[in-house]
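Working notes for the structure below.
Any read-out appearing in this document is the output of simple, stated calculations on the displayed coordinates, not a laboratory observation. The shown structure was predicted, so the numbers you read here are calculated from the model rather than taken from an experiment. Cβ placement follows ideal geometry from the backbone for every residue including glycine, while neighbour counts extend to all protein chains displayed.
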Ligand SMILES: Cc1cc2nc3c(=O)[nH]c(=O)nc-3n(C[C@H](O)[C@H](O)[C@H](O)COP(=O)(O)O)c2cc1C
């Protein structure tokens, strides 16, 4: 009995690690789940599918891939959000979902340029969603227009190489000034003057500054782990072991052999959150703290206002920043816990706004991420272009 309990605790510990995306995979992800990272086959006929073959590699919160596209009208992509793929507990107003549509739109625009196409993007063609909830209206209508003046975007080369990296980073190796500069330039996406402020802190700065970032990230993560409904939301999209990963090709991948065995033996009950002081929780806090302590740089993106178009534009800017970092061989991981608008995070939410001089409600911290050098990670699964095409 004792032995069984021990196994249960150890197993859930590994599982919780994955909900924060913090455990290194020790088994290979099934090849079919990551085949999309080879890139789409060379375009034949309809260029939209080739463009979309790149867009589906965009980062999306919890890897939910909530993109649905309607291709009925020639040369046009109408983008919708799959309302079954939201995170109502941790992202109650779907701000991160909108950012994750921005990342998709930006990869459409970059890939289209590679083929000499200009993307005419009309956001919210039937009106923007209200501030509280999103609905079935389209997020964007994109017309791909041949234009001889369009030039390729150098960031295109990074699309197949970009991955979110949740490893420990090299604590001694600073992010070079040239890389920060490239990221700052990449963040300058279209929008009203001064709509987005990009900032960063690193080993070149006074150590107390880095420490303040680390402390808030750590506090926010501990709160998330101790908020049962937040953890259960992650459990719902957790894919444990090769068979589940291959079946879903989305969500949070967990390949740790021990947890896979726990799952097979029925010792991991994903309907229950671990207790606040269980080893499962405290060990994950300790692991996260170690990774945060190893982090040599943080970046942030603060917007004026927070309407739906701003959220989408922030997502466009974020993926450009990550692609620019990838070109410099840098790893990146968003730290959204403190930015999440559920009541338990009120403390870290206020602290990060204060640290970044982003007063509510005029400004919103759309992105906060850790940056550094780290061992490579395996790609996250994707569902393939066909899964995103709206069936009429
Ligand atoms: C708006 C947004 C918020 C995200 N927040 C987090 C986060 O808090 N922690 C994390 O580890 N990854 C975060 N991610 C990264 C996603 O989990 C990641 O994009 C997804 O799992 C797919 O993996 P990939 O980026 O390697 O393709 C976020 C991504 C986006 C676009």
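How much length, in nm to one decimal, is gained on full extension between residue 42 and residue 211, taken as 0.36 nm per residue of separation minus their Cα-Cα distance? Show your work: numbers first, answer last.
Values: separation 169, 0.36 × 169 = 60.84 nm, distance 4.74 nm.
Using 0.36 nm per residue and subtracting the Cα-Cα distance, I get 56.1 nm.
Relative to the dominant Cα principal axis of the chain, helix 2-19 is inclined by about 20°.
Can you give the angle from 0 to 90° between the axis of helix 207-225 and the longest principal axis of the chain, with both taken from C-alpha atoms, to the nearest 10? It is inclined by approximately 80 degrees. I'd like the distance between the alpha-carbon centres of region 329-392 and region 293-323, rounded to an integer number of Å. Centre-to-centre distance over Cα atoms comes out at 8 Å.
Placing a label point 7 Å from the Cα of residue 188 along the Cα-to-Cβ direction, none of the residues of region 308-324 has a backbone N under 12 Å of that point. Per-peptide packing, taken as the mean over residues of other Cβ atoms within 10 Å, places 184-194, 283-293 in the sequence 283-293, 184-194 from highest down. With a Cα-only, solvent-free Debye model of the chain, what are the log10 I(q)/I(0) values at q = 0.09, 0.10 Å⁻¹? So the normalised log intensities work out to -0.51, -0.63. Per residue, the chain reaches -12000 deg cm²/dmol at 222 nm when only DSSP H runs of four or more residues are counted, each adding -39500 (n - 2.57). Size of region 173-306: Rg and Dmax of its alpha carbons, in Å, are 19.2, 57. Among 206-212, 303-309, sorting by the average number of other beta carbon atoms lying within 10 angstrom of each residue, highest first, gives 303-309, 206-212.
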